[in-house]
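> Sharing a structure here in structure tokens format.
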């Protein structure tokens, strides 16, 4: 019966243990070109630019450096890498034999009625041996596959730390730009409040002399209240941005160098997006997804290798003697090979293989999703870069026109050709144009920081 069953068992083992073969990277499920047209292809690859060379503001550099040193999320990610490295070393250690030096002593006495010869038997034994404990011969690659899976998980964790680092750099930069924007709007609102207070005094004097009515007075008061409200809002938003920076940095440094304003941040150089098939693989999140896929692939190999027989060795070599003083006069050794072949386990091995296959399919989908998400993010930021550059030119042209208009209105007001309301209207339009320019510039800088992260910048 056993001979009849052997061919069936062998066929089952061979079908179950067929190796998955060499790992092949799945094709990228994205177009070969970016979705947005490129106005400027750029000449510098983001992954070749260190953040210190990309962000020229000395104050921003100091903030990013402090965040990389003290941010708690990044610290957690770093410890996750150490944890994954230790886990890999634990799994990899199973591929090597373990050696222990063990010493033992046994002293006993057998009574005469149990000795068999009617006399008391006293005995003692001393042993000192080096043992090899359960060393498995990895003929089918089960242990090496498990080791490879752990190594890939470790590499995925390291890439995940890079994701956290790049995200932190971009977020610190974006928050800093918001702080500069709110500082500029606060200064503009403060200047506007002073202008509106002066305008209100002029209108009050005009009301006393009959040159203006109550409508003009109320209009001037409303304009002043509006400017004061804008000042309060900008002050609050500046405080919020400062608090967020302090959170990201884990504490604000005691001393910081002077910084640059929004207009001189120097992020106008276009980064080269390259081809999607090239740049997406440089992103740490895509690299992490691929490492997890490789780990799942190795787990499948390990699950299939579990169907094969396991050969384990246990051996010892050392010394043994009845007397402690004569311990090293007599050698002793043992060798115990063991082979085990799974015949019936209630379907556990098959379920383990199915589980590994399902997790590998999930990893493939997650890898493809990571690539698709990366493609979308880069495309969005490339489109934002082109759009915001044109929008900033329009906003700056509008600001120049509104500045010129205010100069003309002030000259006409001094000549008595227009009333104070036209002056207030011109000032209001100029303030709105200035805010639009500042907001657009801040958005442009934020898009540049996000594009640096999206292209896998060299953090």
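The values are calculated or read from the model by the stated rules, or taken from the named source; none is laboratory data. Predicted model only: the values in this text are computed from it and were never measured. As a convention, Cβ positions derive from the backbone with ideal geometry for all residues, glycine included, and neighbour counts pool all protein chains shown.
> Would you check which residues across the range 264-281 are touching a helix residue (DSSP H, G or I) at 6+ places or on another chain (Cβ under 8 Å) and farther than 16 Å from residue 449 by Cβ and list them?
Listed by number, the residues that qualify are 272, 276, 279, 280, 281.
> Can you confirm whether residue 157 is modelled with pLDDT of 90 or more and surrounded by 21 or more Cβ atoms within 10 Å (Cβ to Cβ)?
Answer is yes for this residue.
> Let me ask another. Can you pull out the residues in the range 366-401 that are surrounded by fewer than 16 Cβ atoms within 10 Å (Cβ to Cβ) and within 16 Å of residue 433 (Cα to Cα)?
Once the filter is applied, which keeps residues that are surrounded by fewer than 16 Cβ atoms within 10 Å (Cβ to Cβ) and within 16 Å of residue 433 (Cα to Cα), the range 366-401 yields 390, 393, 394, 397, 400, 401.
> Further, regarding this structure: Would you confirm whether or not the range 207-226 contains a residue that is assigned to a helix (DSSP H, G or I) and closer than 24 Å to residue 440 by Cβ?
Yes: one or more hits.
> Then there is this: In the range 253-272, what residues are farther than 25 Å from residue 437 by Cα and in contact (Cβ under 8 Å) with a residue 24 or more places away in the chain?
253, 256, 257, 272, listed by residue number.
> Quick check on my filter: what residues within the range 101-154 are part of a loop (DSSP other than H, G, I, E, B) and more than 30 Å from residue 302 (Cβ to Cβ)?
111, 116, 117, 118, 119, 120
> Ok, one more. Does the range 35-46 contain any residue that is assigned to a helix (DSSP H, G or I), surrounded by 12 or more Cβ atoms within 10 Å (Cβ to Cβ) and modelled with pLDDT under 85?
yes
> Which residue out of 254, 227 is buried (at least 19 other Cβ atoms within 10 Å of the Cβ), modelled with pLDDT under 90, farther than 30 Å from residue 158 by Cβ and in the same structural domain as residue 165 (by TED's automatic domain parsing)?
Going through 254, 227 in turn, just one is buried (at least 19 other Cβ atoms within 10 Å of the Cβ), modelled with pLDDT under 90, farther than 30 Å from residue 158 by Cβ and in the same structural domain as residue 165 (by TED's automatic domain parsing): 227.
> I would also like to ask the following. For residues that are surrounded by 12 or more Cβ atoms within 10 Å (Cβ to Cβ) and under 58 Å from the mean Cα position of the chain (by Cα), scanning just the range 321-347, find the one that is modelled with the highest pLDDT.
If we take residues in the range 321-347 being surrounded by 12 or more Cβ atoms within 10 Å (Cβ to Cβ) and under 58 Å from the mean Cα position of the chain (by Cα), then 342 is modelled with the highest pLDDT.
> Does at least one position in the range 228-238 carry a residue that is assigned to a helix (DSSP H, G or I) and over 30 Å from residue 393 (Cα atoms)?
No, there is no match, as no residue in the range 228-238 is assigned to a helix (DSSP H, G or I) and over 30 Å from residue 393 (Cα atoms).
> Can I ask one more? Can you name the residue in the range 409-419 that is part of a helix (DSSP H, G or I) and either exposed (fewer than 12 other Cβ atoms within 10 Å of the Cβ) or outside the structural domain of residue 433 (by TED's automatic domain parsing) (or both) and is also modelled with the lowest pLDDT among such residues?
If we take residues in the range 409-419 being part of a helix (DSSP H, G or I) and either exposed (fewer than 12 other Cβ atoms within 10 Å of the Cβ) or outside the structural domain of residue 433 (by TED's automatic domain parsing) (or both), then 414 is modelled with the lowest pLDDT.
> Something else about it: I need a count of the residues in the range 107-129 that are under 26 Å from residue 317 (Cα atoms) and surrounded by 11 or more Cβ atoms within 10 Å (Cβ to Cβ).
6
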